[in-house]
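Here is the structure we will look at, set down as structure tokens.
The values are calculated or read from the model by the stated rules, or taken from the named source; none is laboratory data. Computed from a prediction, not measured in an experiment: that's the story for all the values here. Cβ placement follows ideal geometry from the backbone for every residue including glycine, while neighbour counts extend to all protein chains displayed. Please note that ligands, DNA and RNA were not included when accessible areas were found on the heavy atoms of the full protein model with its side chains. Shrake-Rupley method; radii C 1.70, N 1.55, O 1.52, S 1.80 Å.
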Amino acid sequence: MHIQSNNWRLARRTFLRGIGATVALPWLEVMSENAKSITTAGSMAASEIPRRTMFTFWGLGVEIRAFTPPDTGKNYTLTPALQPLAPFKDECTVLTDLESYTGGHGACSCLLTGVNTTRNAKTLTSVDQQIAAFHGSATRFPSLVLGTVRETGFGGAFPMTLSWSRNHTPITPENRPEVLFEKLFGSEDNKSLAAARQAMARRASLLDSIKQQAAALQRRVGMRDRERLDQYFTAIRELEERITVDSEWMVRPKPSVKRPDFGQGSPRDRITSDGRGYREYTRLMFDMIALAFQTDSTRVVSHIPRTEGDEAKCYAYETKSRWDLHSITHHDEEEAKLVLWRKLDAMYFSEWAYFLGKLKDAKEGGGTVLDNTMAAWATTNGGTNAHSAKQLPLILCGGSALGLKHQGHLVKTGMPVSNVWQTVADRVGMPLPENFQGGVAKGIVKEMV
């Protein structure tokens, strides 16, 4: 009897070991379950596809009238604002006329949660963190939470963030590409690893002690305090899970990636008042995200490339504008401001096109990283002055290998943005958590699956 041997197949987590160095390999076709031999290595099996998600928020939206295509369907007409996305037209769906729970300033916290705002007491977990929990320990970093600022947004109650933990707390974004690179790819010697293991053991011991004391306290308090303690226990469980995952990944080497030239100091600090340095900074952040996806260091990212504040002044040195973007949105139908806003929209979409290009250029299995990634351009700033929760645009890109069927331009009047996230969760394969999006989501976008 002939027994077929597959001992030539490489494991997904294969490392090259040399003198004093261990280097992780990228995904190779010979690692696939579909591979029949070394010479006929296969494409990725469905179970091997890394189902990635990327959520972005662009403060102050777009000049919606000039942005919106005049026709619908796969053969829709690209408006000047969308022209930079021409190379990706078949890999994106432009959705218009959506709604969010709230809009205008300080509304970004509801984008991924459905209902959280600075004006209410809602603190639901964001969809990116729910997907990260679904993936579990599949990657070294369950998610990356990124942005251009670390301080609070409009209203001052929360950090300018899209991401909310299972403990109902906002997650502060990382905004420095050089720090992000070190987190993802920085090397660690034996001494630093030993110190990290000791610190992890101390944290685990401390958590055990705290958990025992909190359990004893729970029997002595009223119902409302027990609810607060339940949240506290949730935070402890998250920390315990994180310690377990970190300890497992600590013995695995990080991918070996050449360090980019970040220049002197942080690129974030080199953005001037008239916007010089913004393009370099933004693209470095996108480079880091693309590398994180390529090396399978994470499968979930939330990012705020443009806030409603200082970043809205970008490109002023190129356009010679005397207004920042926020001032432009209060245009009162002044033609000069509208013309400038439309020009700026195309310039910002060139940055999004740059990122999509990075993913499309990276081969993975029989396709590209973009095929295995659902990347969303989104905002909660809609209407003709970008201060409304209505008339919202959203562009969902990539994900063809995950079963997304792009439809060009869809007009979905009054449909909640949360429905798009339910569609994303469906393609990831994640069962919907209880009270998903605070009950705002009403179903998937059926045309896209």
Within segment 374-396, is there a residue that is part of a helix (DSSP H, G or I) and either farther than 27 Å from Gly106 by Cα or touching a Gly at 6+ places or on another chain (Cβ under 7 Å) (or both)? no
Residue in segment 81-92 that is touching a His at 6+ places or on another chain (Cβ under 9 Å), open to solvent by less than 30 Å² (accessible area, probe 1.4 Å), at pLDDT 95 or above and part of a loop (DSSP other than H, G, I, E, B) present: no
Might you let me know whether segment 304-313 holds any residue that is open to solvent by less than 20 Å² (accessible area, probe 1.4 Å), assigned to a helix (DSSP H, G or I) and at pLDDT 85 or above? no
If we keep only residues of segment 330-349 that are free of Cβ contacts under 8 Å to residues at least 24 places away in the same chain and assigned to a loop (DSSP other than H, G, I, E, B), then the residue least open to solvent (accessible area, probe 1.4 Å) is Glu334
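Can you find, within segment 158-176, the residue that is modelled with the lowest pLDDT among those that are outside any loop (DSSP other than H, G, I, E, B) and open to solvent by 10 Å² or more (accessible area, probe 1.4 Å)?
Top of the filtered list is Pro159.
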Checked Thr319, Thr373, Thr368 against criteria (crowded, with 20+ Cβ neighbours inside 10 Å and either over 23 Å from Pro173 (Cβ atoms) or in contact (Cβ under 8 Å) with a residue 24 or more places away in the chain (or both)); the one match is Thr373
Given the criteria under 19 Å from the mean Cα position of the chain (by Cα) and open to solvent by less than 20 Å² (accessible area, probe 1.4 Å), does Gln422 qualify? no
Quick check: is even one residue across segment 326-345 at pLDDT 95 or above and closer than 19 Å to Lys89 by Cα? yes
